[in-house]
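Below is one structure, written out as structure tokens; comments come after it.
The values are calculated or read from the model by the stated rules, or taken from the named source; none is laboratory data. In this text, all values refer to a predicted model and were calculated from it rather than measured experimentally. Counting neighbours? That spans all protein chains shown, and the Cβs are built from the backbone with ideal geometry, glycine included. The accessibility values were calculated without ligands, DNA or RNA, using every heavy atom of the protein model including side chains. Shrake-Rupley method; radii C 1.70, N 1.55, O 1.52, S 1.80 Å.
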Protein chains: 2
Amino acid sequence: MLSSLRVRNIVWKQASLIKRSYNASAQLPDLTKDRYQVKRGDYSQVTDADVGFFQSILENSRVLLDESDTQSYNIDFMKSVRGFSRVVLKPKTTEEVSGILRYCNDRKLAVCPQGGNTGLVGGSVPVFDEIVVSTQLMNRIDNIDELSGTLECQSGCILEQLEQAVSEKGLCMPLDLGAKGSCHIGGNVSTNAGGIRLLRYGNLHGSVLGVEAVKADGTVLDLMSNFKKDNTGYHLKHMFIGSEGTLGFLTKVSIFCPTASRAINVAFLGLESYDAVLKTFLAAKRDLGEILSSCEMIDQEALDCSLNAFNLRSPITPFPFYMLVETSGSNGAHDEEKLNYFLETSMNNGLIQDGTVTNNPTKIKDIWALREQIGAAILRDGYCFKYDISLPLPQFYEIVDIMKKRLGNQARRICGYGHLGDANLHLNISSSEYSADLHKQIEPFVYEHTSTLRGSISAEHGIGFMKTKYLKLSKNQQAIDLMGEVKRMMDPNGILNPYKVLPRL
Amino acid sequence: MLSSLRVRNIVWKQASLIKRSYNASAQLPDLTKDRYQVKRGDYSQVTDADVGFFQSILENSRVLLDESDTQSYNIDFMKSVRGFSRVVLKPKTTEEVSGILRYCNDRKLAVCPQGGNTGLVGGSVPVFDEIVVSTQLMNRIDNIDELSGTLECQSGCILEQLEQAVSEKGLCMPLDLGAKGSCHIGGNVSTNAGGIRLLRYGNLHGSVLGVEAVKADGTVLDLMSNFKKDNTGYHLKHMFIGSEGTLGFLTKVSIFCPTASRAINVAFLGLESYDAVLKTFLAAKRDLGEILSSCEMIDQEALDCSLNAFNLRSPITPFPFYMLVETSGSNGAHDEEKLNYFLETSMNNGLIQDGTVTNNPTKIKDIWALREQIGAAILRDGYCFKYDISLPLPQFYEIVDIMKKRLGNQARRICGYGHLGDANLHLNISSSEYSADLHKQIEPFVYEHTSTLRGSISAEHGIGFMKTKYLKLSKNQQAIDLMGEVKRMMDPNGILNPYKVLPRL
């Protein structure tokens, strides 16, 4: 039925070691405070007495002091920012977190909450000497209820491990993202992480049923719930979803997990133009309806980068644009029929030029790897300016061409890919090393362009440290003022993740 | 294929006049302040000068002063509470709302925001003489974007009219509820209304893309967005979703509207026991997967009430329990195949005893009417104590039997129905008139029972005026304290919807 669409017998190269090899190779980034000329807040310095206190409530092995131990907690995954915390704490329980925060608040010691440290905007590492409080050891799954589809767990559970656990009960996690192998669910919730299933299951404000959070003063807020419907007073949990650890420290979450799909299909398609991409998306929405679970776009430059960096092979010949369309449903035969109809009509209409489609789990994983490894691949160019923006679909891709024209050969690579189905573009601009000059050519231009189109300057990565000064391009002054009020109410001493999210004065 | 399942040619009686006939019949309820012995807050009294100010910013026709005009704004749909506001204002624009609130805040005049006044917990009418600010004339649709599936409109648009408007663009509203013919979208968002599509599309925290709200001091907060992904700073819009008008006055909303389903099927089933209901729900989740859009349960007593009150006829013979299972999908043939498989296996397994299934839009509407009119039907008994609770599914129905045993023949009718798929039960207990004695037999017992099972004492109706004193059974003290802090931050003079949501001292 699929005329020229076919699954080729290519040898897919596993790329599981990518992150590790990357981590070992690059050199230390500049200290954030120097590169960005940040002024330290009026916080206390950590003393031996403070360390003694922490050792009194945690075992010594969970108070890291040695620079060789603390270094990786001071540098982000992108190696774009670096702090110099000398203390990393690894609580196991809510009570320990509460004890730590109460003490830090009284002593006015700044704290940097950290999950899997996979964030892309410098939100998860210290800027100065903030005490890192890691959720690494808070990885207990408390309950999985198959009947109601709920998961309760501590905030340090790794997303991929949760996916594994709920899948054994016939459920799936409502989010999935490239960093799933190391990101923590607490970090996901704190950053309102999006990812590749958002199109299908919506964002975490919809999926998180409850949270337990510790306030800056150590108060434990138990807002856990296992119900999809609970209209009893203010919906306080949302304060902690997407506030990037600046309003509280997440210790537990309860998440609604949909029934796992029995049938998954992935099509990888080649197209001639962005116009064809857009029309194919509309056709996919129409023809695939409720089984459409992802709709991703990748430009040629982005795919080439991923292929070259990790010596992968594309399942189809080169095209200016690619799409990855995933379906998931409860009936494989029905899904294939819908997918075949969509592919045939889109090929007959001249929208799709070439493609491959598969329901083989290994091949599906390999196709997804082509998409998910672009981010890591581009880092191999040396340095990468990464933008994660929401744009109206008609203007979704034009920023890539605008930047190519604007930067000429000053950049090593300019490419675009992302979650087309959610109007979320990842614009990547690489160079052999960080260049302040190139930086100025790109910012604030990209953000201003996005703002002019009423888009979002951070679709899913958050504001973190990197984007605070551009916040005003996506939020008006009244909203920023209210953010400030909320912060002062929740954390009057400003100890939680300072220099992040809110504009620095 | 459907063995004993069949669509019968019955004459369905239209019930469009139900609400009107109800409204005309009942007598005035007691004044809330007397029945519940509430103490008036320290607010100013409305003077002639105040009225003059309101008339200066609105036309005279939009300042209602005559008791015959204001009375309906003072009484809730349930006729369970009554205030005595002498001023009802009908702004058309955000600027007018801002002007009204700024003035009221300066003068310390209390305000009761009101949408369609269809709430069931007394949240939408004044308790004393609060000025009613109605969204009735704020009913402009600003934009419907088919490509991204977004709707932008003012807060006074009626849900059913929005459904009509977006359906013309191939979209649907992500919520649907019995009061759709008169409820306002602003009220829906303010109360985080649930309804019958929540199972499929999730709650409004997931679907609302942006809001515009006016703060108590008149500040306009523009938090509008048309994007599903926007992680730029605190997710402030959620403060206004479900806070029942106590933190701000919603003036505009932007909502994500999914693609409308091309095929809709409804099955109405008869079952012998709650155990069979629960097993049938699990089978529906498994067999219908992504096309399951509603799963409702109705007990015999509830259906009988609806049938008798409006002289309707059931499409099947009497059973102790009924289920209404709806599918919606993009391919009618596939959906029917899935539904047939589900029905056949469930009948063969002895779970379903009898049933009817239809894809005829009129018959679908009529089947839904059986379910949706239960609430109005029970009011005909005289007075009804209504409970809207989330409970763990294994214990979902037992409260009905517990109450029957507890109350014996003190109650006229005790029945249960609701959104089984969301673990949300509507427990209704009727009597010929309000009885304080019966009230005490029921409350706090029902809420304490719910709390013991860690359920929610208000799954979808909110806290409003009626449930403030039981809030502590669903929220702990730390959460209630934080609610108070949020209220003081947003509305230091406490002018917005006083005596609601927060516990009264």
**Complete:** Within segment B:23-35, of all residues that are in a loop (DSSP other than H, G, I, E, B) and modelled with pLDDT under 95, the one surrounded by the most Cβ atoms within 10 Å (Cβ to Cβ) is B:PRO29
**Request:** From the list B:VAL166, B:VAL208, pick out the single residue that is closer than 24 Å to A:PHE396 by Cα, more than 12 Å from chain A (Cβ to nearest Cβ) and at pLDDT 95 or above.
**Result:** B:VAL166
**Request:** Name every residue in segment A:369-393 that is of a type in the set (A, V, I, L, M) and in a strand (DSSP E or B), in order of residue number.
**Result:** A:ILE389
**Request:** Report whether or not A:ASN226 is touching a Lys or Arg at 6+ places or on another chain (Cβ under 9 Å), open to solvent by 20 Å² or more (accessible area, probe 1.4 Å) and of a type in the set (S, T, N, Q).
**Result:** yes
**Test result for A:SER306, crowded, with 24+ Cβ neighbours inside 10 Å, among the hydroxyl-bearing types (Ser, Thr, Tyr) and more than 21 Å from B:GLU290 (Cα to Cα)** = yes
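Yes/no matrix, rows are residues, columns are (1) assigned to a helix (DSSP H, G or I); (2) touching a strand residue (DSSP E or B) at 6+ places or on another chain (Cβ under 6 Å); (3) farther than 26 Å from B:ILE316 by Cβ:
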residue: B:ILE364; (1), (2), (3): yes, yes, no
residue: B:ILE367; (1), (2), (3): yes, yes, no
residue: B:HIS426; (1), (2), (3): no, yes, no
residue: B:GLU433; (1), (2), (3): no, yes, yes
residue: B:ASP437; (1), (2), (3): yes, no, yes
residue: B:LYS440; (1), (2), (3): yes, no, yes
residue: B:SER451; (1), (2), (3): yes, no, yes
residue: B:HIS461; (1), (2), (3): no, yes, yes
**Asked** Scanning segment B:176-195 for residues that are within 12 Å of another protein chain (Cβ to nearest Cβ) and either in contact with a Pro (Cβ under 9 Å, 6 or more places away or on another chain) or not polar (S, T, N, Q) (or both), which turns out farthest from A:THR232 (Cα to Cα)?
**Response** B:GLY195
**Selection from segment A:60-77 of residues that are among the acidic types (Asp, Glu), within 30 Å of A:THR468 (Cα to Cα) and open to solvent by 40 Å² or more (accessible area, probe 1.4 Å)** = A:GLU67, A:ASP69
**Request:** Could you list all residues from segment B:220-248 that are of a type in the set (Lys, Arg) and more than 7 Å from chain A (Cβ to nearest Cβ)?
**Result:** B:LYS237
**Message:** So if I check each of A:VAL486, A:VAL501, which one is in a loop (DSSP other than H, G, I, E, B), within 11 Å of chain B (Cβ to nearest Cβ) and of a type in the set (A, V, I, L, M, F, W, C)?
**Reply:** A:VAL501
**Prompt:** Restricting to segment B:394-424, what's the tally of residues that are assigned to a loop (DSSP other than H, G, I, E, B) and under 17 Å from B:SER458 (Cα atoms)?
**Reply:** 3
**Request:** May I ask you to list the residues in segment A:446-483 that are open to solvent by 30 Å² or more (accessible area, probe 1.4 Å), facing chain B (nearest Cβ under 9 Å) and aliphatic (A, V, I, L, M)?
**Result:** A:LEU473
**Message:** Any residue in segment B:93-104 that is surrounded by fewer than 19 Cβ atoms within 10 Å (Cβ to Cβ) sitting within a Cβ distance under 9 Å of a residue that is assigned to a helix (DSSP H, G or I) and not charged (D, E, K, R)? List the pairs, counting only those 6 or more apart or interchain.
**Reply:** B:GLU95/B:ILE57; B:TYR103/B:PHE53; B:TYR103/B:PHE54; B:TYR103/B:ILE57
**Residue within segment A:36-59 that is acidic (Asp, Glu), modelled with pLDDT of 95 or more and either surrounded by 21 or more Cβ atoms within 10 Å (Cβ to Cβ) or under 25 Å from A:ARG504 (Cβ atoms) (or both) present** = yes
**Asked** Among the residues of segment A:351-376, which ones are in contact (Cβ under 8 Å) with a residue 12 or more places away in the chain, surrounded by fewer than 16 Cβ atoms within 10 Å (Cβ to Cβ) and not hydroxyl-bearing (Ser, Thr, Tyr)?
**Response** A:ASN360, A:PRO361
**Message:** Looking at A:VAL63 and the list (1) in contact with a Ser or Thr (Cβ under 6 Å, 6 or more places away or on another chain); (2) farther than 22 Å from A:VAL501 by Cα, which single condition is not satisfied?
**Reply:** (1)
**Asked** Of all the residues that make up segment A:144-164, how many are touching a residue at least 24 places away in the same chain (Cβ under 8 Å) and open to solvent by 10 Å² or more (accessible area, probe 1.4 Å)?
**Response** 6
**Asked** Does A:MET403 count as more than 10 Å from chain B (Cβ to nearest Cβ), modelled with pLDDT under 95 and buried (at least 21 other Cβ atoms within 10 Å of the Cβ)?
**Response** no
**Item:** segment A:205-242, residues that are in a loop (DSSP other than H, G, I, E, B) and under 15 Å from B:ILE241 (Cβ atoms)
**Value:** A:LYS228, A:LYS229, A:ASP230, A:ASN231, A:THR232, A:GLY233, A:TYR234, A:HIS235, A:ILE241, A:GLY242
**Asked** Does B:GLY170 satisfy the criteria of being open to solvent by less than 10 Å² (accessible area, probe 1.4 Å), of a type outside the set (A, V, I, L, M, F, W, C) and in contact with a helix residue (DSSP H, G or I) (Cβ under 9 Å, 6 or more places away or on another chain)?
**Response** no
**Asked** B:ILE442: touching a Phe, Trp or Tyr at 6+ places or on another chain (Cβ under 6 Å), touching a residue at least 12 places away in the same chain (Cβ under 8 Å) and under 19 Å from B:TYR383 (Cα atoms), yes or no?
**Response** yes
**Complete:** Within segment B:422-445, the count of residues that are within 9 Å of chain A (Cβ to nearest Cβ) and in contact with a Cys (Cβ under 9 Å, 6 or more places away or on another chain) comes to 1
**Message:** Looking only at segment A:327-338, filter to residues that are open to solvent by 10 Å² or more (accessible area, probe 1.4 Å) and farther than 9 Å from A:ASN265 by Cα; which one of those is nearest to the other protein chains (Cβ to nearest Cβ)?
**Reply:** A:SER330
**Prompt:** Looking at A:LEU223, A:LEU236, A:LEU312, A:LEU282, which one is more than 30 Å from A:LYS467 (Cα to Cα), hydrophobic (A, V, I, L, M, F, W, C) and free of Cβ contacts under 8 Å to residues at least 40 places away in the same chain?
**Reply:** A:LEU282
**Asked** From the list A:VAL253, A:VAL266, which residue is more than 30 Å from A:VAL97 (Cα to Cα) and not in a helix (DSSP H, G or I)?
**Response** A:VAL266
**Complete:** Scanning segment A:485-495 residue by residue, the ones that are under 18 Å from A:THR191 (Cα atoms) and open to solvent by 10 Å² or more (accessible area, probe 1.4 Å) total 1
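Residue-by-condition table, conditions (1) of a type outside the set (Gly, Ala, Ser); (2) more than 21 Å from A:LYS365 (Cα to Cα); (3) touching a Leu at 6+ places or on another chain (Cβ under 6 Å); (4) more than 14 Å from every other protein chain (Cβ to nearest Cβ):
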position: A:LEU250; (1), (2), (3), (4): yes, yes, no, yes
position: A:THR280; (1), (2), (3), (4): yes, yes, yes, no
position: A:ARG286; (1), (2), (3), (4): yes, yes, no, no
position: A:ILE298; (1), (2), (3), (4): yes, no, no, yes
position: A:LEU312; (1), (2), (3), (4): yes, no, no, yes
position: A:ASN340; (1), (2), (3), (4): yes, no, no, no
position: A:ASN348; (1), (2), (3), (4): yes, yes, no, yes
